[in-house]
1. Condition first: hydroxyl-bearing (S, T, Y) and surrounded by 17 or more Cβ atoms within 10 Å (Cβ to Cβ). Now tell me which residues in segment 9-26 satisfy that.
2. Could you check segment 60-76 and list, in sequence order, the residues that are surrounded by fewer than 16 Cβ atoms within 10 Å (Cβ to Cβ) and either among the basic types (K, R) or over 15 Å from T9 (Cβ atoms) (or both)?
3. Would you pick out the residues in segment 143-158 that are out of contact with any strand residue (DSSP E or B) (no Cβ under 9 Å at 6 or more places or on another chain), within 16 Å of Y190 (Cα to Cα) and assigned to a helix (DSSP H, G or I)?
4. Are any of the residues in segment 206-225 within 25 Å of E389 (Cα to Cα) and either of a type outside the set (S, T, Y) or assigned by TED's automatic domain parsing to the domain that holds A404 (or both)?
5. Can you pull out the helices (runs of 4 or more DSSP H) entirely within segment 161-242 that have at least 3 residues that are of a type in the set (S, T, Y)?
6. Quick test for you: out of E357, E417, E368, pick the one residue that is modelled with pLDDT under 75 and part of a helix (DSSP H, G or I).
7. Residues being hydrophobic (A, V, I, L, M, F, W, C) and within 25 Å of A66 (Cβ to Cβ): count how many of those fall in segment 288-313.
8. Output the residue which, of all residues in segment 240-268 that are polar (S, T, N, Q) and touching a Lys or Arg at 6+ places or on another chain (Cβ under 9 Å), is modelled with the highest pLDDT.
Amino acid sequence: MPKLTETITDAVVRKLEAPAKGNVLYYDPELRGFAVRVTAAGAKAFLLVYHFGGVERRDTIGAWPAWNAKAAREVAKSWRRDVDLDVDPRGEPEPEDPENATFKARAEQYLVDPRRKRQKTPLRASTVKEYRRALLTYAKPLHGEPLDAIRRRDIAELLDQVKAERGTVSAMRTRAALGRLYTWAIARGYAETNPVAGTEGWETPKRERELSDEELRLVWAATAEKSDYNLIVRMILWTGARPAEAGGMAWTELNGGGIWAFTADRAKNGRPLALPLPRQAQDALEARPRIEGRDALFGYGKNGFSGWSHAKAALDDRIARLNAERRLGRPLAENEEPAEEDHMGPWQLRDLRRSVETRLASIAVPQEIINRCLNHAQGPITTTYNRYEYLEEKRAALQKWADALDRITAPEGLGAEAANVIRLRRRSAS
């Protein structure tokens, strides 16, 4: 099995590539037996490999990124000390503690290593955060109850309460978290039935916002200055990537030939993606200075860009000022504020991705290639049998779109047509 040349850290784990089939163990060079297992599906988990009683054991510590490397290392050290003292790290099985059967105790146990229902792979960090909020905050009325004694009526009343206090989206996310918790509990014998099944669900509003050519021009003009957030916005426009994927871009993800490749843990649907960048995106990245010892392109922390809300509000203000200056035919004074009508209609960064999808279709890119570019989930049969990466098709499609975007945002496109100010009665907060 391969041995790493550097200590296992989250940055190192992020870079580990999935094997073509099966799984592979990457061993830490400092702590004996401490390793990361990477499966062909891209799932990663920490474990300790050791011998006890003449038998090799491979005990899983936890899945990454729900477990970070630092916490996993501490557990591995503790187990390693036990082994060296001839003490079984697994210990003696403890009798069931009634307190451990409560909803809260089981929820905390589940959140140590939550999994997707079908893929049996770890959930994204953002999803774990949502589930943690739902199970440990929104579901507090159930915390003291035995998990297997909770009835469907209890779940229904909780969901009604969450809907009334926090809205439909929060209620549906709470319902999803509860359902996953009970699926996990039934598989382990902690519950016999799932009281979430059969409870009422609600339709959540689907966003259908797409930006017009004029709105794309405004966004483009307002992101002209060099900054992390501005380049992230343009990367989304060039590629149709999700905001978190673009904001978390790392130098090690940029391979030769202008390919941006990121692993399953960085994608919303848990599927790795290799995306050929259009020439315009490559030029922008080549002009970006690289900080020694830092893998992330954006932000200040190791996980990429943060401060999304503040940056989005600042972008909205710049767009409003551009609209005001075009309406007035002169630059705004430093202390002069745009009118309410100068603000662009409510929009979010994810609307750029939807706009890219529509524009790709409008320039005759086949839907199959659009799905591959945007990393839409494929059906199980397609996923199993079609391993072709479509690199050249994706390269041609995204380059065709980037050239079209150049024409849309060209300076001559900001003339008389731009005088049609985009009207809005209130600004988006996100």
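1. Residue satisfying the conditions is Y26 alone.
2. T60, K70
3. D148, A149
4. No; the residues of segment 206-225 include none that is within 25 Å of E389 (Cα to Cα) and either of a type outside the set (S, T, Y) or assigned by TED's automatic domain parsing to the domain that holds A404 (or both).
5. Helices (runs of 4 or more DSSP H) meeting the threshold: 168-187.
6. That would be E417, the only listed residue that is modelled with pLDDT under 75 and part of a helix (DSSP H, G or I).
7. Looking only at that region, the number is 5.
8. Of everything passing the filter in segment 240-268, T252 is modelled with the highest pLDDT.
The values are calculated or read from the model by the stated rules, or taken from the named source; none is laboratory data. None of the values given here were measured: they were computed from a predicted structure. Cβ atoms come from the backbone with ideal geometry, glycine included; neighbour counts cover every protein chain shown.
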